[in-house]
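So the structure is just underneath, and the comments pick up after that.
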Amino acid sequence: MNSIRDIVSTIIYDIKNRLNTKKTRQKYKKSGKINPIADYFYNNNGKIIEKWDHYLDIYQSHFEKFYNEPIILMEFGVFNGGSLDMWKYYFGDDTKIIGIDINIECKKFNSKNCEIHIGDQENRDFLKKLMANVKKIDVVVEDGGHEMNQQINTFEEVFPYVNGGVFLIEDLHTSYWREYGGGYKKEGTFIEYAKNIIDSVNARHCDELKVNYYTKTIKSMSIYDSVIVFEKNDDNIIEKEINEEYYFKLSKKYLDKLNKPKKILIFNIDKEKLNTMRNYFKDEVMIFGVSHDMELKKLQNNETKIYIYNNEDEEFLNNLINKLGDVDVIIDNSFEVNEQVKNFKNFFQSVKEKGLYITNNSHSSYLKEYGGGYKKEGTFIEYIKDLIDQINAYHSKTEELKVDNYTKTIKAIHIQDSLTIFEKDKSEKKTVIVSGNYFKRYLDFNLNFR
Ligand SMILES: C[S@@+](CC[C@H](N)C(=O)[O-])C[C@H]1O[C@@H](n2cnc3c(N)ncnc32)[C@H](O)[C@@H]1O
């Protein structure tokens, strides 16, 4: 039974979140975006759902390929059953939903095409038995207890059953909260665990690491504030050749989202890279290429400007960027780890809002000839690992991790073998938004959810 104090504090919490929701709903309406998940969320008058405001966009961008498809979806954390209804709406009535919760009360949400299993997601025996009956899944949403071992055990036991699909884990800011077992850079948190998976994704370039299941199966890891989305390859074959075609294939999906780009800047440009970008953008953009190789000057034309410089000229790149102003995309094609870090630090700020910063060759962080090495300080990959903490810094409870310009401007880091793509966008402090009919909750005194 809840005390009057619980009820009052919950009502205040709800009012605050309702007001937040009103604001984000208006913003969504104004944006003109098409997102059926957001439409459902903002119009839902049924079971309660609570999410952080930026999750709705993340769901849409990673689940879109399954929209209205009869998939198999597994969700850890059922609570009021609100998100189960949302998935049913989004993926369609023929989708099979498997919900898992430790709370026996959730059994009541068992229905046609929606199985509820009761158990503790930290318990590997429970998970093994569960998965023995499930076999293959397309989408996993991990929104259970949010404690470190719950998250890690669930990922390890369930990820192998994801069939060329998506494993999305949310509320990862608990990795920074002591009450959930978290702590900044603390060993054993899910965020630190995920940083090690970045090494596994690139393992075939590293003498000190063995290729493992994650090397073979992870296509990409998309890292957002509080959320990581793992996308799987359709098969277990590792891409053999890291070449221009490979980079373009993986970058295209992000390039396609750009809104009328005008200026592209490429560090360490070569003929192949210029050709791919020119074929993709046609004559609609100016391409600015930077190289040490005098020969490349020949490639210059009305839409392509090539700048030649030598490393001793420290001010060259700064002067260039001052001259060019903000650009839509920067592609860093260099190999030296120092150069990759230096370029990012100096030029990320020159990318426009909603633009991209792409570092090809990020596997050189593991190659000795370019200054790399496994977990070696100063490599680009180690630098990215610090940026992951920065993008979660709004949730920090320690002075050691503070909000900075990267927290405010990096929307996502997409990690693939040898390729890192940053999506730049305004990233404000996130708010909780709510959906559904709250009166029933008060009538039931069902307030124990935070
Ligand atoms: C945040 S709520 C889920 C909300 C739901 N996904 C939604 O969006 O409407 C978290 C749920 O995880 C469940 N949970 C907590 N610890 C768990 C554990 N160890 N194993 C399984 N479920 C757990 C809680 O009972 C609670 O219902």
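Being farther than 16 Å from residue 187 by Cα and either charged (D, E, K, R) or within 13 Å of the ligand (Cβ to nearest atom) (or both) is the filter here; which residues of region 162-176 pass it? 168, 169, 170, 171, listed by residue number.
Residues in region 29-65 that are over 28 Å from residue 16 (Cα atoms) and either at pLDDT below 95 or surrounded by fewer than 19 Cβ atoms within 10 Å (Cβ to Cβ) (or both): 64, 65. With respect to the conditions (1) out of contact with any helix residue (DSSP H, G or I) (no Cβ under 6 Å at 6 or more places or on another chain); (2) surrounded by 14 or more Cβ atoms within 10 Å (Cβ to Cβ), residue 303 falls short on a single one, namely (2). Taken together, the criteria exclude residue 42 from residues that are within 16 Å of the ligand (Cβ to nearest atom), among the hydroxyl-bearing types (Ser, Thr, Tyr), assigned by TED's automatic domain parsing to the domain that holds residue 112 and touching a Phe, Trp or Tyr at 6+ places or on another chain (Cβ under 6 Å).
Do you know which residues across region 17-56 are among the small types (Gly, Ala, Ser) and within 20 Å of residue 84 (Cβ to Cβ)?
The answer is 38, 46.
Report yes if some residue within region 56-63 is more than 13 Å from the ligand (Cβ to nearest atom), touching a strand residue (DSSP E or B) at 6+ places or on another chain (Cβ under 7 Å) and among the aromatic types (Phe, Trp, Tyr); otherwise report no. Looking for residues that are more than 13 Å from the ligand (Cβ to nearest atom), touching a strand residue (DSSP E or B) at 6+ places or on another chain (Cβ under 7 Å) and among the aromatic types (Phe, Trp, Tyr), one finds at least one in region 56-63, hence yes. Residues considered: 47, 33. Of these, the only one that is within 16 Å of the ligand (Cβ to nearest atom) and not aromatic (Phe, Trp, Tyr) is 47. Candidates in region 222-243 are the residues that are surrounded by fewer than 21 Cβ atoms within 10 Å (Cβ to Cβ) and among the aliphatic types (A, V, I, L, M); of these, the one that is modelled with the highest pLDDT is 242. Would you say residue 187 is more than 18 Å from residue 219 (Cβ to Cβ), away from the ligand (no atom under 13 Å from the Cβ) and either in the same structural domain as residue 403 (by TED's automatic domain parsing) or in a strand (DSSP E or B) (or both)? Criteria not met by residue 187. Among the candidates 100, 152, 118, the residue that is at pLDDT 95 or above, out of contact with any strand residue (DSSP E or B) (no Cβ under 7 Å at 6 or more places or on another chain) and aliphatic (A, V, I, L, M) is uniquely 152.
The values are calculated or read from the model by the stated rules, or taken from the named source; none is laboratory data. Predicted model only: the values in this text are computed from it and were never measured. Every residue, glycine among them, receives a Cβ derived from its backbone with ideal geometry; neighbour counts consider all protein chains shown.
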